[in-house]
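Only one structure is covered here, and it is reproduced in the block below.
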Amino acid sequence: MISAILIDDDINLRNGMKGLLQLYAPQINIIGEADSVVSGVEAIESLKPQVVFLDIQLNDGTGFDILEKITALNGTTKAHIVFITAHEQYAIKAFRFSALDFLLKPVDPDELQKVIQKIKAEIEKNDSSSHIDLLLENIRKKVDNFKRIALSTSDGIHLFDVSDIIRCESEDNYTKFFIKNSKPILISKTLKEYEELLTEHGFERIHQSHLINLNYLKSYIKKDGGYIVMADDSHLPISQRKKERLQEILKSF
């Protein structure tokens, strides 16, 4: 069994979440509940759950305030945090850049099961809390142009500057990251997910299998059907429908 607590200021939502967990994740054992920042901090400190289902908006503050207070008290939390949120685009973007789990209201059973499966796989790993620190850093700054990204691999969570990512390559439902001064790392998320996150950071999808950081583009070669050369000396194909778009981008350089 995996111990967990629910923190939400709406008792009906807590009861609804308990019902979903009983149906779709019976291995989750709810050992406590809280309805505020104050009681949430107390519950985490006293019960030391393995998982915290944490609503963002609480009557006396936010779920982020709880993490701030726990961090101030202990320097970190060992609990696996799962945020429960409405469609707050800024927060969702911050979660994705920080490799933190979240569930949208109303909670979808399929999404809940995906998160639980991930928790089961990670609960034994001694992951760094650096991704929580990154989340709090981004929330504090209230900026939309995040400079760092957390990538969760089979051996833990790693933080990188977005500007150091040279390119990303699709491998079925995984994405391989090629990063400056680092070995390639494989992430169990699709390239499309990272395209959505990184496009506004100067990344361009040039092929169904390739997303590149334009700052590391060395050459565009028109022969042999057209391909590009990156700073890591990789030669990457360009899909037919992307050629015109890439040529337009290069004219603006």
Point to revise | Sequence-distant lysines (8 or more away, or on other chains) whose Cα lies within less than 25 Å of LYS183 | key: LYS118, LYS125, LYS147, LYS192, LYS218
Point to revise | Packing-based ranking, highest mean first, of 6-15, 178-187 given that Cβ atoms within 10 Å are counted | key: 6-15, 178-187
Exercise for review: Count the net charge of all other residues whose Cβ sits under 13 Å from the Cβ of ASN74, scoring Lys and Arg as +1 and Asp and Glu as -1.
Suggested key: 0
Check your understanding: Expressed as a whole number of Å, what is the distance separating the alpha-carbon centroids of segment 52-104 and segment 172-189?
Key -> 26
Practice item. At 1.4 Å probe size, with every protein chain present, just tell me what the per residue accessible area of segment 212-253 comes to in Å². Key: 65
Exercise for review: May I ask you to list the lysines whose Cα is less than 16 Å away from that of LYS114, ignoring any residue fewer than eight positions away on the same chain?
Suggested key: LYS105, LYS189
**Study point:** Sites LYS18 and ASP232 - FRET efficiency at Förster radius 51 Å, r taken between beta-carbons, to 0.05
**Key:** 0.55
**Study point:** At R0 = 35 Å, FRET efficiency that the Cβ-Cβ distance of ASN29 and SER239 yields, to 0.05
**Key:** 0.10
Review point. Please state the relative contact order of the chain as a whole percent: Cα pairs under 8 Å, 6+ residues apart?
Key: 10
Exercise for review: Evaluate the distance, in nm, between pseudo-label points positioned 7 Å from the Cα of SER154 and of ASN181 along their respective Cα→Cβ axes.
Suggested key: 2.8
Exercise for review: Quantify, in whole percent, the carbon and sulfur part of the accessible surface of the chain (1.4 Å probe; protein heavy atoms only).
Suggested key: 48
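Rank-order 189-196, 107-114 by packing density, defined as the average count of other C-beta atoms within 10 Å over each peptide's residues, highest first. Walk me through the intermediate numbers first.
On the way: 189-196: 16.0, 107-114: 13.8.
Sorting 189-196, 107-114 by mean packing, highest first, produces 189-196, 107-114.
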**Study point:** Cβ-placed point charges (K, R +1; D, E -1), dipole of the chain about Cα centre in debye, nearest 20
**Key:** 1100
Check your understanding: Ranked highest first by the average count of other Cβ atoms within 10 Å around their residues, in what order do 211-223, 59-71 fall?
Key -> 59-71, 211-223
Check your understanding: Calculated from the structure, Kirkwood radius over Cα pairs in Å equals which of (1) 19.8; (2) 17.7; (3) 18.3?
Key -> (1)
Check your understanding: Per residue, how many Å² of accessible area does segment 1-157 show with a 1.4 Å probe?
Key -> 47
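The values are calculated or read from the model by the stated rules, or taken from the named source; none is laboratory data. From a predicted model like this one, the values you see are computed outputs, not experimental measurements. Cβ atoms come from the backbone with ideal geometry, glycine included; neighbour counts cover every protein chain shown. Accessible surface is based on the protein model in full, side chains and every heavy atom, while ligands, DNA and RNA are left aside. Shrake-Rupley method; radii C 1.70, N 1.55, O 1.52, S 1.80 Å.
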